[in-house]
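The values are calculated or read from the model by the stated rules, or taken from the named source; none is laboratory data. Since the structure is predicted, the reported quantities are computational estimates derived from the model, not experimental observations. For neighbour counting, all protein chains shown are included, and Cβ atoms are generated from backbone atoms with ideal geometry for every residue, glycine included.
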Amino acid sequence: MSCAAACIFPPAAPAAPIPARVFSDHMVLQRDMRAPVWGWAAPGETVTVSFKGQTVSATADSGGRWRVDLAPLPASAEPAQMRITGDRDTGGGGVVISDIVVGDVWLCSGQSNMEWQVSRSDNAAAEIAAADFPLIRHFEVSREPVTMEPKKTYDKWMVCSPATAGDFTGIGYYFARDIFRRHNVPVGLVNSSWGGTGIETWMSEHAILADRSFRITFYKWIEEITAYPERLAAYDRALANWKSDAAKAGAAGKKFAKQPPRPPESLYGQNKPARLFSAMIAPVIPCALKGAVWYQGEHNAGRPDGYGALLSAMLRDWRARWGQGDFPFVIMQLPNYKSGDASSIKWARLREEQERVAKTEPNTELVVMIDLGNPDDVHPTNKLEAGLRLARTVRARVYGEPIEHMGPAFARAEAEGAGMRVHFSHADGLHAKGGGPAPGFEIAGADREFVWAPARIEGATVYISSPKVAKPVAVRYAWRNAPETDLYNKAGLPAAPFRTDDW
């Protein structure tokens, strides 16, 4: 049941109030901040929520929606019960939600690499067999591309065990396990992800229409979507004619034309702009969160320009709607993937857009995964290392642990002799794992023609030169869809891709 749906189709005089679907047995409630509890009841009904010694009430509005806020609670692994009752509840018992623990709740959103389960990741059998962590819980938001009338079947929280862990988001599980082991606090994962989806479907219509450039594009999308049924019908007619003509030509031993192309449907179904925001994000707003993790971009990599603006708009809109201020938001930067030919840089440009958002939006972090991809498969299966890198970033930037959380980062570059010297931050123990010159560097002169160049590591700097470039003016590192990389710091974290030009 989505928030939008319930406002359009409020339950008709229920026997008991209906809580939002995230409130169910085994849930994790966010610690140390006010925790909204909301749902639907008959308009004007007084709803009372009782939990851990607190009793708070609210009156359902004309649309049937109600909300109360619980006062901040400390972390607790002790199972507790929540009771929700209405003054018009003819049954008298209300709704009872059992086995609630209090800890940290993380929203995990994006497309297929966030959706990718433990069962499909590396070493799955052994990892699942050892997954006995009852204080790690997982809630998967239903993948419903169309907002539907509320039903009495809800998504459920799953307690982590060998029987359930295989269905958890892989990256989310390994992240949660590391946080739990180090901080001994219950961790809840709210998994709202759908493979093959663009960022536009995860944005609210308000966020899209607020910017003129987005608005123009949005209306074009609407025109395309509106015209799609007729285009599909025209395709079906053309296909039928082609089959008939092909059969005749084949029978006569003649060549026949290629099959007509099917009209693209990337903006239809779950990819309609704002659709999954309404169906999969709105239903969990304003659930109290510790933070959010975003792993998306593969779908948009073919058109990277402007992705950063879309991501910033989405992030700001989400934060405003949640009403928790600038909660932590972690971006999983796209890994290496061989999309297109060897010189293609569209994925590199999208990574740059992701990095720009992390640098400009408050309380926003970036996890570099340039070495964790599979060049031949858009779905790398090493979710363990990705989850641990995510956990390291969160441990340092959210939980305040004094650890290195990022790899070598570009600081500045300058011409030096016949080459260029690049200075890095976070470069303690800078080295190439392979032991030789660091690969992945390119330099160019005023002609803007980049050539590969060997890189010599000197302290926290790298010196790059090539006899093919007498006076270099620009340098790039890992600036390909699937670049060769080998530059790390002593924490074992990879250098982030960068470029000094804007060509």
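Figure legend. Inter-residue proximity from segment 245-259: first residues exposed (fewer than 11 other Cβ atoms within 10 Å of the Cβ), second residues of a type in the set (Gly, Ala, Ser), beta-carbon distance below 9 Å, spacing 6+ or different chains. Indicated pairs: 255/249; 257/246; 257/249. The criterion of being closer than 24 Å to residue 350 by Cβ, at pLDDT 95 or above and not aromatic (Phe, Trp, Tyr) does not hold for residue 456.
To keep it simple, each residue is scored yes or no on (1) in the same structural domain as residue 320 (by TED's automatic domain parsing); (2) modelled with pLDDT of 90 or more; (3) touching a helix residue (DSSP H, G or I) at 6+ places or on another chain (Cβ under 9 Å).
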site: 230; (1), (2), (3): no, no, no
site: 234; (1), (2), (3): no, no, no
site: 237; (1), (2), (3): no, yes, no
site: 241; (1), (2), (3): no, no, no
site: 244; (1), (2), (3): no, no, no
site: 248; (1), (2), (3): no, no, no
site: 281; (1), (2), (3): yes, yes, yes
site: 287; (1), (2), (3): yes, yes, yes
site: 293; (1), (2), (3): yes, yes, yes
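Does any residue of segment 317-324 turn out to be without any contact (Cβ under 8 Å) to a residue 40 or more places away in the chain, part of a helix (DSSP H, G or I) and within 25 Å of residue 116 (Cβ to Cβ)? The answer is yes, given that some residue of segment 317-324 is without any contact (Cβ under 8 Å) to a residue 40 or more places away in the chain, part of a helix (DSSP H, G or I) and within 25 Å of residue 116 (Cβ to Cβ). Just one of the numbered conditions (1) modelled with pLDDT of 95 or more; (2) over 30 Å from the mean Cα position of the chain (by Cα) is not true of residue 438: (1). Checked against (1) of a type in the set (Val, Ile, Thr); (2) buried (at least 20 other Cβ atoms within 10 Å of the Cβ); (3) out of contact with any helix residue (DSSP H, G or I) (no Cβ under 9 Å at 6 or more places or on another chain), residue 96 meets all criteria but (2). If you go through segment 231-276 and pick out every residue that is more than 30 Å from the chain's Cα centre (by Cα) and either within 26 Å of residue 202 (Cα to Cα) or aromatic (Phe, Trp, Tyr) (or both), you end up with 5. Only one entry of 135, 107, 189 meets the criterion of being crowded, with 17+ Cβ neighbours inside 10 Å, farther than 26 Å from residue 334 by Cβ and not charged (D, E, K, R), and that entry is 135.
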